[in-house]
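Visitor: Right, I'll just put the structure down here and ask away after.
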Amino acid sequence: MSLIHGLHFHNLRGDLLGGVTAAVVALPLALAFGVSSGAGAIAGLYGAIFVGLFAALFGGTPSQVSGPTGPMTVVMSSVFTQFVALDPQSGPLFAFTVVMLGGLLQMLFGLLKLGRYVTLVPFPVISGFMSGIGIIIILLQLGPMFGFPSSASAAEALRQIPHYLAAADPAALLLGSITLAIVLFCPKKLARIIPPTLLALIIGTLVYQLFHGHTDLAVIGHIPTGIPQLQIPRFSMEILSDMLFAAMMLAVLGSIDSLLTSLVADNMTKTQHDSDRELIGQGIGNMVAGLFGGLPGAGATMRTVVNIKAGGMTPIAGCFHAFVLICVVLGAAPLAETIPHAVLAGILIKVGLDIIDWRFLARLPRAPLFVACLMVLVLVLTVMVDLVTAVFAGVFIANVVTVKRLADNQLDSIRLIDSVAGDDEGLSKRERKLLAETRGRVLLYQFDGPVSYAAAKGLAAKLQGRNPHDALLLDFSRVPLIDVSTALAIEDMIIDAQQLGRDVHIIGLNPIVKDILSRLKILGLIPQSSCHETRSQALASAYAMVFSDEINSGSG
């Protein structure tokens, strides 16, 4: 395995062009995300540089360009506000320590090979989650758009809307509206020459400069230049649990965000990314970003798509994108100091609109009720509670329903073989004859495929409602495996039958199933003579037991 995944120099011109184009797109977004997070515009640039560079070098998606994204900025804004409120002096250090911890957790996810599982989050959960993030971004930018400071949370922004409307600053609203109109309605021909976000940033700032003497709006302000200072990690036992929770939130969100973008890149380039390697690369990038006071980042869909369309195919593009931004920080940062917050708000509102899953929302009325309700629930929890609660609640509910449906399907596949009713397909003539002669006093159930705990419990409930019988035969010859929970449900089934005076016979255990039942001492509940290799042996044994009991009771 090479140190840099997908690195080659056969596409150097395309990679350099892709890197420059991605950097041009990334610049206004990095500034906007930095201001929106509360950490400052330079934090957005540092995040774009370090996450972009190290995720490209050590990640598993060659054409991906990484940096601060809308979802990650929403979380970072909450983290920064929380810790600065607790300790104004040390709060920023705590916040950047959380970024480092989040990166460390992402690396751990990759080393534990959890990448393949991250993208298994159900689609309604992803859709509701991303749409919720889009709404949060829009709500948080309403303040700057109307000439006020950004709200601390989406809920607060909702409460402030009447105040924003009643006391709006006309200059800020006009400037934000111009910016938003440019990014929304920029002609495609012009967009191919200059990215709409950069065009909006330039025009919005120039308009502000023309009328600077007549209005006084909030601007980015001083942006440090030169090499960033190290942010020494700082911990406090009093808030350690809060820090770990926030780090987990960043790690999970960054992993989902990055791997979803990796799938987009795969689709465009007809290649296959390495999920676990991508998580390691993203983790390294976020650790370094936190160490230098940068925002956390992830694979950025817009920048990745722009890079690929411009010809970028290898990690060289992501690295060159970072190099271009380094040049901006070292020499051109002062040019961005007069960019108004209202202009950045217009750009970020467009980002929020892009993140909302409009395609699925349009299909929501035609979607199954459960899917629609799950999507809306996750969306509301994302906006009104927090992102981790929304994802965990959505995944939990989706998995419970999925397990229930699988259990129902498995229960339907557990077949009662009944020769009287004519449902005896697959039996030999001898087996059919033996089962028919028991006249319903022997029940033969055949399992087909893996058996879940819920399916086994469902069968136990079915048995309680069956007509009286003397023997229960459980055919496991088509069962490849069971888990501990299923084994314990089988134990309950055996005990219930024995308490009612019924013989239990088990058929066709393979070594895996037999090992689990033996380890848990479940096979010890029945005589060894009641464990059979074939159905014929089991039917003959059950027949003999049932009718020997009848003969014995008759002679008595």
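Visitor: Do we have residue 483 as more than 19 Å from residue 541 (Cβ to Cβ) and either out of contact with any Asp or Glu (no Cβ under 9 Å at 6 or more places or on another chain) or surrounded by 20 or more Cβ atoms within 10 Å (Cβ to Cβ) (or both) here?
Guide: Considered against the rule, which asks whether it is more than 19 Å from residue 541 (Cβ to Cβ) and either out of contact with any Asp or Glu (no Cβ under 9 Å at 6 or more places or on another chain) or surrounded by 20 or more Cβ atoms within 10 Å (Cβ to Cβ) (or both), residue 483 comes out as yes.
Visitor: Among (1) of a type in the set (Ser, Thr, Tyr); (2) closer than 26 Å to residue 375 by Cα; (3) touching a residue at least 60 places away in the same chain (Cβ under 8 Å), there is one condition residue 208 misses while meeting the rest; what is its number?
Guide: Among (1) of a type in the set (Ser, Thr, Tyr); (2) closer than 26 Å to residue 375 by Cα; (3) touching a residue at least 60 places away in the same chain (Cβ under 8 Å), residue 208 violates only (2).
Visitor: Report whether or not residue 323 is more than 23 Å from residue 128 (Cβ to Cβ), of a type outside the set (S, T, N, Q), part of a helix (DSSP H, G or I) and touching a residue at least 60 places away in the same chain (Cβ under 8 Å).
Guide: Spelling it out, residue 323 is indeed more than 23 Å from residue 128 (Cβ to Cβ), of a type outside the set (S, T, N, Q), part of a helix (DSSP H, G or I) and touching a residue at least 60 places away in the same chain (Cβ under 8 Å).
Visitor: For the condition surrounded by 18 or more Cβ atoms within 10 Å (Cβ to Cβ), touching a Leu at 6+ places or on another chain (Cβ under 6 Å) and within 27 Å of residue 349 (Cα to Cα), what is the one hit in 128, 143, 134, 110?
Guide: Just a single option satisfies the conditions, and that option is 128.
Visitor: Another question, if that's okay. Between a residue in the stretch 391-417 that is on the phi < 0 side of the Ramachandran plot and touching a residue at least 12 places away in the same chain (Cβ under 8 Å) and any residue that is surrounded by fewer than 16 Cβ atoms within 10 Å (Cβ to Cβ) and in a helix (DSSP H, G or I), which pairs come within a Cβ distance under 7 Å, given they are 6 or more apart or on different chains?
Guide: Qualifying pairs under 7 Å: 401/370.
Visitor: Evaluate the following for residue 361: is it part of a helix (DSSP H, G or I) and of a type outside the set (S, T, N, Q)?
Guide: yes
Visitor: Moving to a separate point now. Pick from 22, 32, 26, 39: which is closer than 30 Å to residue 141 by Cα, of a type outside the set (D, E, K, R) and not in a helix (DSSP H, G or I)?
Guide: 39
Visitor: Something else: In the stretch 159-193, what residues are among the β-branched types (Val, Ile, Thr) and under 33 Å from the mean Cα position of the chain (by Cα)?
Guide: 161, 179, 182, 183 - these are the residues of the stretch 159-193 that are among the β-branched types (Val, Ile, Thr) and under 33 Å from the mean Cα position of the chain (by Cα).
Visitor: Checking the conditions here, which among 383, 343 is within 22 Å of the chain's Cα centre (by Cα) and either surrounded by 15 or more Cβ atoms within 10 Å (Cβ to Cβ) or assigned to a helix (DSSP H, G or I) (or both)?
Guide: On inspection, the qualifying residue turns out to be 383.
Visitor: Quick check: anything in the stretch 228-241 over 27 Å from residue 343 (Cα atoms) and assigned to a helix (DSSP H, G or I)?
Guide: yes
Visitor: Take the residues of the stretch 291-334 that are among the aromatic types (Phe, Trp, Tyr) and touching a Leu at 6+ places or on another chain (Cβ under 7 Å): which is surrounded by the fewest Cβ atoms within 10 Å (Cβ to Cβ)?
Guide: Step by step, filter the stretch 291-334, then rank; the result is 292.
Visitor: Which of the helices (runs of 4 or more DSSP H) found entirely inside the stretch 48-162 contain at least 2 residues meeting this: within 28 Å of residue 357 (Cβ to Cβ), modelled with pLDDT under 90 and not hydroxyl-bearing (Ser, Thr, Tyr)?
Guide: 70-86, 115-118, 123-145
The values are calculated or read from the model by the stated rules, or taken from the named source; none is laboratory data. Bear in mind that the values here come from a model prediction, so they are computed numbers and not experimental data. Note: ideal-geometry Cβ built from the backbone for every residue, glycine included; neighbour counts use all protein chains shown.
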